[in-house]
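Beneath this line is the structure, given in structure tokens, with notes to follow.
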Amino acid sequence: MTRRLTLTRPDDWHLHLRDGSMLDAVTPDSAADFGRALIMPNLVPPVVTGAHAASYRERILAAVPAGADFTPLMTLYLTETTEAGDLVAAARDGIITAVKLYPAGATTNSASGVRDVSAVMPVLEAMADAGIPLCVHGEVTDPEIDIFDREAVFIEHVLDPLRKDLPELRVVMEHVTTADGIDYVRDGGANIAATLTTHHLFINRNHILAGGIRPHYYCLPVAKRESHRRALVAAATSGDPSFFLGTDSAPHLDAAKLSECGCAGIYTAPNTLPCLAQIFEEADALDRLDGFVARHGATFYGVAPNNGTVTLVREDAPQPVPQNRATEEGMLTVFDPMVPIHWRVA
Ligand code: NCD
Ligand code: ZN
């Protein structure tokens with residue numbers, strides 16, 4: 001059995017680092033194991049201009065521990081008043097790597113998002129012309145639609161029509177949670193890809209709801225039934241370059257999670273790589289982990305893989321879940337995959 005596994009230094013193509021004391025608390029965890037991360041722009045207020053992205057990037061770099069090899073790649077938060085000129089200039093100047101579409105109200109801090117995709121069509125056309133990828137939170141927000149159906153309905157009613165109107169637009173369907181999403185991306189040609197999170201490879205909706213409600217497993221899109229989880233694992237471990245890691249590590253203080261209306265988001269940055277190694281080992285696909293964490297995403301985004309490496313070690317004994325993090329403002333719980341993880345980062 002493999003005892004050591006050396007990977008190309010990975011990329012996280014979907015990461016929330018927040019701001020202020022939370023940024024300081026969580027950035028070292030990502031910087032320890034990842035060479036680059038695509039930073040989500042859903043701050044309060046959101047990152048909506050090239051100037052905002054440039055100053056946020058500086059704040060992130062100030063939180064990276066000395067000596068760590070970690071580059072934040074920035075995104076802009078698309079609104080119905082985004083100016084195509086500012087956005088294209090920010091991409092041309094290397095300030096941003098992608099643009100994020102949040103349907104208004106779909107998730108944490110998405111109130112300034114897009115209500116009607118037709119309102120942003122001119123911006124999307126400019127992005128297609130300039131080759132700027134659009135990262136999509138793929139859920140409808142219609143209260144009539146059951147929360148477990150929102151991804152599938154989004155694909156049919158929003159994403160597929162948009163891509164038929166604008167086939168040249170490069171799209172990443174973020175944090176796919178359904179077999180429907182997997183099928184759509186796998187069969188969707190070269191201009192669409194998907195990120196898969198760490199936690200959705202482990203949890204199904206029973207983890208959240210059966211035998212007691214567990215707020216630390218609540219995230220958006222919400223985990224679906226077991227057959228969907230299995231489809232996600234099959235896609236991640238298939239070697240198909242359309243699928244790559246975006247952890248969606250989304251820290252919220254315990255006080256915000258464990259409340260009458262708890263926040264959506266799971267903090268997976270500290271233990272993502274050991275968790276993934278366990279999943280890939282069980283699928284007999286450890287040779288495909290390097291592609292999933294370090295190559296497929298780089299290829300889609302048109303950048304070279306990172307130069308460094310990271311080595312994982314398999315221990316006979318299950319490894320403990322990393323300790324919860326203490327931030328200046330309170331505790332932050334680390335994802336517990338609820339199954340034995342034998343891997344650790346060397
Ligand atoms: C994310 C957050 O907290 O910012 N939450 C989550 O449940 N994934 C937002 C998001 O990516 O939907
Ligand atoms: Zn996210």
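The values are calculated or read from the model by the stated rules, or taken from the named source; none is laboratory data. Just so you know, these numbers come straight off a predicted model, no measurement behind them. Note that each Cβ is placed from the backbone with ideal geometry, even for glycine, and that neighbours are counted across all protein chains shown. Only protein heavy atoms, including side chains, enter the accessible area calculation; ligands, DNA and RNA are left aside. Shrake-Rupley method; radii C 1.70, N 1.55, O 1.52, S 1.80 Å.
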- Options VAL222, ALA104, THR272, ranked by Cα towards positive dipole end of the chain, top entry (Cβ charges): THR272
- Hey, got the dipole for the chain? About the Cα centre, +1 on K and R Cβ, -1 on D and E Cβ, debye to the nearest 20? 740 debye
- Task: May I ask you to give the percent of accessible area on segment 29-167 that is carbon plus sulfur, with a probe radius of 1.4 Å?
- Result: 52 percent
- Computed about the Cα centre, the charge dipole of segment 141-232 from +1 Lys/Arg and -1 Asp/Glu charges at the Cβ has a magnitude in debye, to the nearest 20, of 500 debye
- Message: So with the 1.4 Å probe, I'd like the accessible area per residue for the chain, rounded to whole Å².
- Response: 40 Å²
- Task: May I ask for the Kirkwood hydrodynamic radius of segment 1-120, worked out over all distinct Cα pairs and given in angstroms to one decimal?
- Result: 15.3 Å
- Gaussian network model of the chain, Cα springs within a sub-10 Å range: biggest mean-square fluctuation belongs to which of LYS257, LYS164, LYS224? LYS164
- If you place +1 on the Cβ of every Lys and Arg, -1 on the Cβ of every Asp and Glu, and leave all else neutral, what size is the dipole of segment 212-285 about its Cα centre, to the nearest 20 Debye? 260 debye
- Item | Extreme residue, positive dipole direction of the chain, given options VAL120, ILE182, PHE154 (C-beta unit charges) | ILE182
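Shape call for segment 266-346 from the C-alpha gyration tensor, a ≥ b ≥ c root eigenvalues: rounded (a/c under 1.5), prolate (a/b greater than b/c) or oblate?
On the way: a/c = 2.23, a/b = 1.30, b/c = 1.71.
Here segment 266-346 falls in the oblate category.
In square nanometres, what is the average projected area of the Cα convex hull of the chain?
16.2 nm²
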